[in-house]
Amino acid sequence: MEHIHVIGGGLAGLTAAITAAESGARVTLYESHRTLGGRARTAEGPYRANEGPHALYRGGPHHTWLARRELLGPVVPVPPLEGLRFRFRRAGAARRTPPVALLRLARRSARTAPVDGRFLDWATGQVGEEGARAAANFAAAALFHHDPGALSARFVQERLVRLASLPPEARYPAGGWGRLVERLAGHARAIGVIVETAARVDTRTLGELSRTGPVVVATSLDAARTLLDDASLTWESGRTVLVDLAVRTRRGDAFVVSDLDAPGWLERFTAQDPGLAPAGEQLLQGQFPIGPDARRAEGTARAEELLDLGFPGWRERSTWRSEALADGRTGAVDRPGTTWRDRPSVVRGDGIFLAGDRVAAPGLLSEVSFTSGIEAALLAVKAAGRRPGSGVDLNRT
């Protein structure tokens, strides 16, 4: 039986390793860090912040896949009362409701939006320019991009519809995404996957591995480009300032502040999962996209503007703060005239397959990693001369 090698221990790599092992293959997963998870890591306490805002979407394929394997674990929805604490920044002021035009647009099927046109142009024709700009900025919560209106109308509308669904699709793994990674890793080991951490694979090592079986490269696209020495492995992503903040609890704080004047989103994650911060404190996480030439301070300033609107006195109440710049680490975005099918192919030739959040696979944010991980693993199993076993059925994922 040929060996299947998986490089990368994030969501894509763990999904690929489990899928290949369920098909009966021998699998080894190599992770260069000492811990698994990739961008799904959660900081150790007392403030259990994810690497940027994270949520599972109930309508997505990996929600069902995880549940069938009893890997989903405890997940929490948005508490109904917290929905009353949703705030929108419009014309510099905090409002309790979004523009009616945004709600009207969110009810339009994504199939009505053109692939070839810009979202702002198409949406303006549907609901007017003011509503179109508000909708574009609202959708940035699932785009991490500084100019959502310039992206493909179909691409943005697909995300707008899911973000604005009622009841909300978002679900949150209790304890943070790190708990979900622990369950995935435990299951992988239980079904025979050999997991090697602190195991860096370079071009020479890759060549040695590929002589003993197919290889799934489940790293960032930038790392894959270097590892495979393939200049074609490029696709646009976002550039986003990530802000994490803990504050002492105050009655009346917002749950979410969504910026409709510019792309930006701030969420109180302890509203649904109080254990993410010590008793008497709240954990806030936000993302603020900035342009390719902008400085991080621009995103920080916008974050503080939203904090002023939704969390009065936050400066005096702050107990912990962390900031980071995520550049090219927030998933693929599609320009007009392109879809997910135009991104780098999963199949790289010579028994090499690619998985991750910027490759040719459908889905919203982490769903792309999940879907590509399954596809890459099934193709690797086929390349190894085995038929997929009953443990994997693409029609059921």
Relative contact order for the chain: what percent, with Cα pairs under 8 Å and sequence separation of 6 or more?
27 percent
Quick one: how many Å² of Val217 are accessible to a 1.4 Å probe, rounded to 10?
0 Å²
Considering only protein heavy atoms, what per residue accessible area in square angstrom results for the range 58-112 with a 1.4 angstrom probe?
59 Å²
Long-range amide H partners of Phe255 with built H, under 5 Å
Arg85, Phe86, Arg87
In whole angstrom, note down how far apart the Cα centers of the range 166-215 and the range 1-46 are.
2 Å
If amide H atoms are modeled at 1.01 Å from N in the peptide plane, then the residues at a separation of 5 or more from Gly37, or on another chain, having amide H under 5 Å from its own are Gly9, Gly10
If you roll a 1.4 Å probe over the range 201-294 with all protein chains in place, what percent of the accessible area is carbon or sulfur?
49 percent
Give the peptides 158-171, 336-349 in descending order of average Cβ contacts within 10 Å, highest first.
158-171, 336-349
Karplus ³J(HN,Hα) for the range 12-23 (6.51 cos²θ - 1.76 cosθ + 1.60, θ = phi - 60°; Hz, whole; x = Gly/Pro) runs 5, x, 5, 4, 5, 5, 5, 4, 5, 5, 5, 8
Heavy-atom accessible area per residue - the range 156-252, 1.4 Å, Å²:
45 Å²
Which value, in debye to the nearest 20, describes the size of the charge dipole of the range 195-352 about its Cα centre when Lys and Arg Cβ atoms bear +1, Asp and Glu Cβ atoms bear -1, and nothing else is charged?
200 debye
How many percent of the accessible area of the range 37-140 is carbon or sulfur, using a 1.4 Å probe?
53 percent
Non-local amide H neighbours of Arg329 (under 5 Å, H modeled in plane, Pro and chain starts lacking H): which ones?
Gly238
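The values are calculated or read from the model by the stated rules, or taken from the named source; none is laboratory data. For clarity, every value in this text was computed on a predicted model and none was experimentally measured. Here Cβ is always computed from backbone atoms with ideal geometry, including for glycine, and neighbour counts include all displayed protein chains. In case anyone asks, the SASA skips ligands and DNA or RNA and just uses the protein heavy atoms, side chains included. Shrake-Rupley method; radii C 1.70, N 1.55, O 1.52, S 1.80 Å.
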